[in-house]
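Input: a single structure, listed below in structure tokens.
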Amino acid sequence: MLNAETLDEIARKIGKAIEASPAKDLEKNVRAMLQSNLARLDLVTRDEFALQTHLLLRTREKLEAMEARVAELEARRPKARGAD
């Protein structure tokens, strides 16, 4: 039966084998290539996106408040004669 110590030893051996194999180099090369290509794209960070989402929400709230205020003022305004 396999115990935790045996499993740890197997995991260490597999890790060492992967580090010494071309697979590790391949992983590093693919990661570097992806990072290079993604850096050239016009992307925003998660933080920038969250900030813009927050600003949009605040702007939308202000717009809705202004629309309600305009509707209230228009409702109070006396109707012009002959205007439809």
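Of the residues Glu61, Glu74, only one is more than 30 Å from Gly15 (Cβ to Cβ), over 18 Å from the mean Cα position of the chain (by Cα) and either of a type outside the set (D, E, K, R) or surrounded by 10 or more Cβ atoms within 10 Å (Cβ to Cβ) (or both); which?
Glu61
Taking only pairs six or more apart or across chains, which ones have beta-carbon atoms under 9 Å, a first residue in the range 43-56 that is without any contact (Cβ under 8 Å) to a residue 40 or more places away in the chain, and a second residue that is of a type outside the set (Gly, Ala, Ser) and part of a helix (DSSP H, G or I)?
Listed by first residue and then by second, the contacts come to Val44/Gln52.
Only one of (1) within 32 Å of the chain's Cα centre (by Cα); (2) surrounded by 10 or more Cβ atoms within 10 Å (Cβ to Cβ); (3) of a type in the set (A, V, I, L, M) is not met by Leu38, so which one is it?
So Leu38 meets the others, but not (2).
Rule-based calculations on the coordinates, nothing more; no lab input. None of the values given here were measured: they were computed from a predicted structure. Ideal geometry is used to build each Cβ from the backbone, glycine not excepted, and the neighbour counts take in all protein chains shown.
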